[in-house]
Amino acid sequence: MRNFLFSLLVILASGLTLACGGKQTAGTAADDDVAAVVNGTNILVKDVDRVVSQQFRGQENQLSPLALAGYRIQSLDNLISQELLFQRAQKENIAPSEDEIKQYIQRYKQENGYTEEAFANELKQTNQTEDQFRDSVRKEIAIQKLTEKTESQLKVQDREVADFFNANPKQFSIQPGVAISDIIIDPADNGMKFDVKGEAAAEQRVREIQTRLRTGSDFATIARQLSEHQSALQSGDLGFLAQSQFTELPQMMGLPAAVGQQLMTMKEGDVLDPRKDSAGRWHIFKLTGKQTETRDRALDDPSVRKEISEAILSQRRQIVAAALQAVARDDARIENRLAKRMLENPNSFGVLRPVPATSPAPTAKP
């Protein structure tokens, strides 16, 4: 049994790209420039548009006006949630030090393999200034500290672990199968951070990854940086795939069942040659573990107790995260002006499409 918990920050803010700019108090911007006001702090329309632009890597002009309006509302709601939690962290005197911010940014650069020039280019591509990036890091760390403080109260009793095990003993038997990690490269335009577009670019990316792996680069690091799949958040880890599930691979991943059998013949640490699934995505699998026979585990197995405790904690973290957000909203004064303007003009979403700064206004022809 394996459980993955996405952090509250990822759910609410989709990483650094959903942070708004510096604090603006109500009344410091024109009403039309303000998307929402949260306890007297403005969230500007340009902050919302920056989020949408980062999500679509500058391709948002290809969206229909109706689709763009929907993404704007969704992005604004995320920004409101982020601002609420950041304000709550401030209320509880939770704030990162300048050293923590500096270390975070340095780690971010290292994990993504950025030189200073590449980092500056990334900020430009995601429509951020360095000050805006630092402000987003400040908020992310503060909210993470708030979340950790709330979760620190969570505990799991021995009795709860025993009850869980006794109700589900077979769930903890280890079946024959493989533990795998995956790097996925998708030729389609999917809006991922380092998205490749087109067959030729995808094949080139796959070759580059193969070269890096052959020369000793860390698989998990590459997966975090380049994999175009949610599993990148877990360094490519897909967990355990039982041998009995191999026949389901065509439905689960668009791959033939033979891929599972091939993985069973490999040694731990081996990497399978790249292969395409039925959707045209490339997969590079690494075998991280293998079980060749069924093995029952007892409650006194430390790994069993750890898995059960983590499962219970994971469920409670999700409830606590939802409760924390609900209480923050209940205690807040929120005015969503963008939503109000949409309700006032429900058939005029065409005006919400941002005009590219580089596109000059058309002139009349003689």
Query raised in the report: Within region 181-224, how many residues are part of a loop (DSSP other than H, G, I, E, B), closer than 24 Å to Tyr108 by Cα and of a type outside the set (D, E, K, R)?
Result: 8
Query raised in the report: Is it fair to say Arg305 is at pLDDT 90 or above, closer than 29 Å to Asp182 by Cβ, of a type outside the set (A, V, I, L, M) and not assigned by TED's automatic domain parsing to the domain that holds Gln230?
Result: yes
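For region 187-204, what are the residues that are touching a helix residue (DSSP H, G or I) at 6+ places or on another chain (Cβ under 7 Å) and in contact (Cβ under 8 Å) with a residue 60 or more places away in the chain? First the steps, then the outcome.
Kept after step one, since they are touching a helix residue (DSSP H, G or I) at 6+ places or on another chain (Cβ under 7 Å), are these residues of region 187-204: 187, 191, 194, 196.
Matches in region 187-204: Pro187, Gly191.
Just a yes or no: is a residue in region 249-257 at positive phi and either in contact with a Lys or Arg (Cβ under 9 Å, 6 or more places away or on another chain) or not in a loop (DSSP other than H, G, I, E, B) (or both)? Before the answer, list the steps.
Let us first name the residues in region 249-257 that are at positive phi, namely 254.
Cutting the leftovers down to either in contact with a Lys or Arg (Cβ under 9 Å, 6 or more places away or on another chain) or not in a loop (DSSP other than H, G, I, E, B) (or both) gives us 254.
The answer is yes; a qualifying residue exists.
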Report task. Might you let me know whether region 260-283 holds any residue that is surrounded by 17 or more Cβ atoms within 10 Å (Cβ to Cβ) and either hydroxyl-bearing (Ser, Thr, Tyr) or at positive phi (or both)? Result -> no
**Report entry** Among the residues listed as Val52, Val48, Val10, the single one being at pLDDT below 90 and in contact with a Ser or Thr (Cβ under 6 Å, 6 or more places away or on another chain)
**Finding:** Val52
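Please state which one of Glu122, Glu160, Glu98 is of a type outside the set (S, T, N, Q) and in contact (Cβ under 8 Å) with a residue 24 or more places away in the chain. Let's see the steps before the verdict.
Values: Glu122 fails: in contact (Cβ under 8 Å) with a residue 24 or more places away in the chain; Glu98 fails: in contact (Cβ under 8 Å) with a residue 24 or more places away in the chain.
Criteria check complete, one pass: Glu160.
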Report summary line: If we keep only residues of region 119-131 that are in contact with a Lys or Arg (Cβ under 8 Å, 6 or more places away or on another chain) and part of a helix (DSSP H, G or I), then the residue surrounded by the most Cβ atoms within 10 Å (Cβ to Cβ) is Phe119
**Report entry** Given (1) over 15 Å from Leu287 (Cβ atoms); (2) within 18 Å of the chain's Cα centre (by Cα), index of the condition Ala223 fails
**Finding:** (1)
Query raised in the report: Between residues in region 296-319 that are among the hydroxyl-bearing types (Ser, Thr, Tyr) and residues that are not in a helix (DSSP H, G or I), which pairs lie under 6 Å by C-beta distance while being six or more apart or on different chains?
Result: Ser309/Val156; Ser314/Asn3; Ser314/Leu5
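The values are calculated or read from the model by the stated rules, or taken from the named source; none is laboratory data. Nothing here was measured: the structure is a model prediction, and the numbers come from that model. Because the Cβ atoms are built from the backbone with ideal geometry, glycine has one as well, and the counts that use them run over all protein chains shown.
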